Amino acid sequence: MMKIYNTFTKTKEEFRPINPPNVTMYMCGPTVYNYFHIGNARSFVMADIVRRYLEFKGFNVKFTMNITDVDDNIIKKSNEEKKSTTDVAGFYTEAFFEDVRRLKIKTASVYPKATLHITEMIEVIRELEKKGFAYNVNGNVFYDVSKFSNYGKLSGKNTEDLESGARVDVNEEKKNPLDFALWKKAKEGEPSWDSPWGKGRPGWHIECSAMSTKHLGKSIDIHAGGNDLIFPHHENEIAQSEACFEQKFVKYWLHFGFLNMQNEKMSKSLGNFFTAREVLDKYPAEAIRLFFAQTNYGGPLNFSDELLNSAQKGYEKILNLADKIERGIKLDAKSGVIPEFDVKKYYSDFEKVMDDDFNSPQAVAVIFDFIRAANKIIAGNNNIDSIFYHGLKKFLKDTAENVLGIIHLDDLTNALNSDTDNNQIELLIKKRDIAKKEKNFALADQIRAELTNLGIILQDSKTGTTFKKINLK
RNA sequence: GGCGCUGUACCCAAGUGGCUUAAGGGGAAGGUCUGCAAAACCUUUAUUCGUCGGUUCGAAUCCGACCGGCGCCUCCA
């Protein structure tokens, strides 16, 4: 039985999708006015792990991530850079896809763009207006929060408290300070579209209601995003969708904790962030993903080089085993010994912990338990049959690679097999072996040092010398 | 002010009533192997879970108070 923590009910619930084996999942994506930062990356990666685990469980997941390509920040940026909003959005959309690819996040089923769904948004707003949930003031259309009785249920707020909060914007046109914009009247020089209320552009929240419905249906299984979207964004989405379509919008709400810098939320407005691409230039994606996966998705997580380095060491530990597995397979020893090894147990442990609200830290622990056990067997046996290595590889592929994305075995295979300089390395190793036999250790060490400088680490063992490459990306 | 999260070893972190006198990663120390390394393997590194009380046969886990850190209530993953 799979359990999932639902922000709406604040409890872990059994996961039962509306239409099994299909699962509909919507994740709030980027507003494309800048490169996304490593804190955003945490949410994207953890959503990716959730999606991949659902697929591991045999669900057919339709995963949608929106791209907000019209909003205040994009307009601001386009003015600053003296470019069109289309150019700004286009540029950062491409950058987004590039970073997602580098983070080895699986491509979504659809990436709907706000500007391509204006018609759908207008339809939802018209319906809301017809039903009395929206009002038009001089071309600005607002949602009337007082008409929606469940307002505040997701975020645990009540309208009285919110109204008494001093920080809500005072806007003369709104009936109530909590009301939010569905449609914004066009200002000079801003991108705009024709609508029943005149030229304008959509408010922020309406795109998710419209696009989620269009691509996934009126009721969806999972809606995910960062903690900071609970209020007001997701609250407003519920108000819009449920008022418009008169059915439950989302069955399970999933929210991700923040990535902190020295215990402070990393955010664009505070300026205390690193872009995902900066971090990807320093660490392999697998190490970054391992760093994220080692903590529960819902809580806070501090970011620092020290912590990333420690994750990278962990990743290298996985690589070391993977490397041995590749070599074992390459040797292809038939009719060698087949050691006792209960791979099934690791599968069931992995599944058990991931079933419990995607407990990736424990899943990682299972992987490392597996690694220790496998290493022990490899160290203790000569002439192991290649069938054993194939079993190990399959497990790592199914769990560490396909679900967590903390290793990519094919990259390793390719590096091992297709690199043209491998022959030269082998030649140097032979030279060094001869030097060692002649007790010419000075020469042997010199050869090793040269290779080390090239990122090639030699490993002597009873069966001969092997090498591995570091900084494999 | 309202709502919510959080405090576990040197660092990160899981565990939320008995299976745990606390997983996993990093770090550190000793050992096996080795010409020396590296990797791997073995051993050690929290009788203790912010503090003080309480409930219970039994608590890191439940309750209360207190202390500390953070977030949301305004754009933000």
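The values are calculated or read from the model by the stated rules, or taken from the named source; none is laboratory data. Source: prediction; values computed, not measured. With ideal geometry, Cβ positions are generated from the backbone for all residues, glycine too; neighbour counts draw on all protein chains shown. Remember, those area values only see protein heavy atoms, side chains included, never the ligands or the DNA or RNA. Shrake-Rupley method; radii C 1.70, N 1.55, O 1.52, S 1.80 Å.
Residues of the range A:319-473: accessible area per residue at 1.4 Å, in Å²? Present the calculation step by step, with values, prior to reporting the outcome.
Values: 8500 Å² over 155 residues.
Roughly 55 Å² per residue, with all protein chains present.
The antiparallel fraction among DSSP beta bridges confined to the range A:3-282 stands at about 50%.
Computed 3J(HN,Hα) for the range A:99-104, one whole-Hz value per residue from the Karplus formula 6.51 cos²θ - 1.76 cosθ + 1.60 where θ = phi - 60°, is 5, 4, 5, 5, 7, 6, glycine and proline marked x. Helix A:206-216 and the longest principal axis of the C-alpha atoms of chain A enclose an angle of approximately 60°. Report, in whole Å, the centroid distance computed from the Cα atoms of the range A:4-71 and the range A:83-158. First find each Cα centre; the distance between them is then 16 Å. Amide H to amide H, with H built 1.01 Å from N, residue A:256 comes under 5 Å of A:225, A:226, A:227, counting only residues 5 or more places away or on other chains. Per-residue Karplus couplings for the range A:440-452, computed as 6.51 cos²θ - 1.76 cosθ + 1.60 with θ equal to phi - 60°, are listed in order as 8, 5, 4, 5, 4, 5, 5, 4, 4, 5, 4, 5, 4 Hz, Gly and Pro entered as x. Our summary gives the range A:311-408 a relative contact order of 43 percent, counting only alpha carbon pairs under 8 angstrom and 6 or more residues apart.
Counting alpha carbon pairs within less than 8 Å and at least 6 residues apart, what relative contact order, in whole percent, applies to chain A? Before the final figure, lay out the partial values.
Values: 692 pairs, mean separation 75.4, N = 473.
Normalised by residue count, the contact order of chain A is 16 percent.
For residue A:113, the shell of other residues with beta-carbons less than 15 Å away shows a net charge of -4, using +1 for Lys and Arg and -1 for Asp and Glu.
Tell me the volume per residue, in Å³, of the convex hull enclosing the alpha carbons of chain A. Display every interim value, and only then the final one.
Details: hull volume 78.1 nm³, N = 473.
Considering the Cα atoms of chain A, their hull volume per residue is 165 Å³.
How large, in percent, is the carbon and sulfur part of the accessible surface of chain A at a probe radius of 1.4 Å? C and S atoms contribute 49 percent here. Approximating the spin labels as points 7 Å out from Cα along Cα→Cβ, the residue A:262-to-residue A:438 distance works out to 5.8 nm. Proximity of backbone amide H atoms, modeled 1.01 Å from N, is registered between residue A:176 and no other residue at under 5 Å, excluding neighbours fewer than 5 places apart on the same chain. At the residue level, residue A:408 shows approximately 40 square angstrom of accessible surface with a 1.4 angstrom probe and all protein chains present. Amide H contacts for residue A:32 (H built 1.01 Å from N in the peptide plane; partners 5 or more residues away or on another chain; cut-off under 5 Å): A:68. Helical runs assigned H by DSSP (4 residues or longer) give chain A a calculated mean residue ellipticity at 222 nm of -14500 deg cm²/dmol, each run adding -39500 (n - 2.57) before division by the residue total.
Pairs exceeding 26 Å between alpha-carbon atoms, taken from A:3/A:324; A:431/A:468; A:130/A:175; A:77/A:113; A:76/A:184; A:57/A:334: A:3/A:324; A:57/A:334.
Roll a 1.4 Å probe over the protein chains and send me the accessible area per residue for the range A:3-282 in Å². Present the calculation step by step, with values, prior to reporting the outcome.
Working: 12450 Å² over 280 residues.
In whole numbers, the range A:3-282 has 44 Å² accessible per residue.
Using DSSP loop states and a limit of at most 10 other Cβ atoms within 10 Å to flag GluC sites (Glu not before Pro), what is the longest stretch of chain A containing no flagged site?
Details: sites that count: A:172, A:188, A:246, A:340, A:438.
The longest uninterrupted stretch comes out as A:1-171.
When nucleic acids and ligands are ignored and a 1.4 Å probe is applied, residue A:273 ends up with an accessible area of around 50 Å².
Please figure out what share of the DSSP beta bridges in chain A is antiparallel and state it in percent, rounded to the nearest 5. Provide the component values of the computation, followed by the final result.
Working: 25 of 47 bridges.
Counting only bridges with both partners in chain A, antiparallel ones make up about 55 percent.
The separation of the range A:231-277 from the range A:344-416, counted between C-alpha centres, amounts to 33 Å.
Step through the table entries A:131/A:268; A:430/A:469; A:174/A:199; A:352/A:393; A:218/A:268, compare each Cα-Cα distance with 29 Å, and write down the pairs that go over it.
On the way: A:131/A:268 38 Å; A:430/A:469 18 Å; A:174/A:199 19 Å; A:352/A:393 20 Å; A:218/A:268 33 Å.
The pairs that break the limit, which is 29 Å between Cα atoms, are A:131/A:268; A:218/A:268.
Under a model in which nothing but the beta-carbon of Lys, Arg (+1) and Asp, Glu (-1) is charged, chain A shows a dipole of about 1160 debye around its Cα centre.
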